[in-house]
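Below is one structure, written out as structure tokens, with a few remarks after it.
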Amino acid sequence: MVKLAFSHVTQWVFDLDNTLYPPQMRLFDQIEVLMTDYVVSAIGVERSEADRLRAHYWRQYGTTLAGLMAEHDLDPDPYLHAVHQVDMSHLEPDAALADHIRALPGRRIVYTNGSAPYAERVLAARGLSGLFDAIYGVEHAGYRPKPERAAFEAVFAQDGIQTEKAAMFEDEPRNLAAPHEMGMRTVHVAPDPHDADHIHHHTDDLTGFLARLR
């Protein structure tokens, strides 16, 4: 049944963080610390307030960066460089995941709210380099973040994605709403399911899910 639901799909879009690696690897924990550090330095608030703002901007704007740009006119490029200087030594290659991604028919891309250079480093650490036709970061959407539909439209226009023939894999439920509206097959990749009309499938094991599509 799952394989049949994807029989029309020839374009595969993958989020990065907590999607192409499991959340227990806790890479994003490091990023959140670096984000808070940057907010402290950039706008001159105490750490507790910086941490509150980081979370508040993520909820309201989609990313902390979007909030900082909207409310503090922050230059995005130094921020993106700083917050992605994380230790990836604990990331493990996943040969089985690589094999199943390689077997997907058609075009495969990564689209993250992080930066493309950061995504390339993560993919290398996971043994997934060379499997994707393109890698897009928030910079490719004019720094507009998912879940904004305009962000998806900008990236998909650059790549030539035909949404009616595409699938989106993503750990954040709200980031699947726009792809669903655009006609994509949606897959929520997370430990716990999220009940919403815009989510077609849920899995806590991306490797196992992709195996069912072969």
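So, with a 1.4 angstrom probe, what is the percent of accessible area on region 111-198 that is carbon and sulfur?
46 percent
Please identify the helices of the chain, taking whole runs of DSSP H, that span at least 24 Å along their own axis as judged from the Cα atoms and have a mean Kyte-Doolittle score of -1.0 or higher.
On the way: long enough: 27-43 (25 Å, 1.11).
Membrane-span-like by this rule: 27-43.
For region 29-83, what's the relative contact order in percent, using C-alpha pairs closer than 8 Å and at least 6 residues apart?
Normalised by residue count, the contact order of region 29-83 is 32 percent.
Along the three principal axes, how long is region 64-139 when you take its alpha carbons, biggest first, rounded to the nearest angstrom?
44, 30, 14
Step by step: find N for region 73-117, compute 2.2 N^0.38 Å, then divide the Cα radius of gyration by it. What's the final number? List each step's numbers first, then the result.
Values: Rg = 15.1 Å, N = 45, 2.2 N^0.38 = 9.3 Å.
Relative to the rule-of-thumb radius for its length, region 73-117 sits at 1.61.
Give me the log10 of I(q) over I(0) for region 1-84 at q = 0.11, 0.14, 0.21 Å⁻¹, as the Debye formula computes it from C-alpha points; what are the numbers?
Cα-only, vacuum Debye calculation for region 1-84: -0.41, -0.58, -0.98.
Restricting the calculation to Cα positions, tell me the Rg (one decimal) and the Dmax (whole number) of region 158-209 in Å.
Answer for region 158-209, Rg first and Dmax second: 10.9, 33 Å.
Find how many whole Å separate the alpha carbon centroid of region 86-132 from the alpha carbon centroid of region 186-204.
21 Å
In deg cm²/dmol and to the nearest 500, what is the mean residue ellipticity at 222 nm of the chain if only DSSP H runs of at least 4 residues count, each as -39500 (n - 2.57), divided by the residue total?
Taken over the chain, the calculation gives -12500 deg cm²/dmol.
With each label point set 7 Å from Cα along the Cα-Cβ vector, what nm distance links THR207 and GLN30?
Label-label distance for THR207 and GLN30, simple model: 2.1 nm.
Using 17 Å as the cut-off for backbone N distance, which residues of region 64-86 belong to the label zone defined by a point 7 Å from the Cα of SER41 along Cα→Cβ?
65, 68-69, 74-86
Give me the Kirkwood hydrodynamic radius of region 117-170, using the inverse of the mean 1/r over all pairs of distinct Cα atoms, in Å to one decimal. Can you show the working numbers first?
Numbers: mean 1/r = 0.0815 Å⁻¹.
Roughly 12.3 Å, rounded to one decimal.
The values are calculated or read from the model by the stated rules, or taken from the named source; none is laboratory data. In this text the structure is predicted, and so the values were computed from the model without any measurement. Every residue, glycine as well, gets a Cβ built from its backbone with ideal geometry; the counts of neighbours run over all protein chains shown. Protein only, heavy atoms only, side chains kept; ligands, DNA and RNA dropped before computing areas. Shrake-Rupley method; radii C 1.70, N 1.55, O 1.52, S 1.80 Å.
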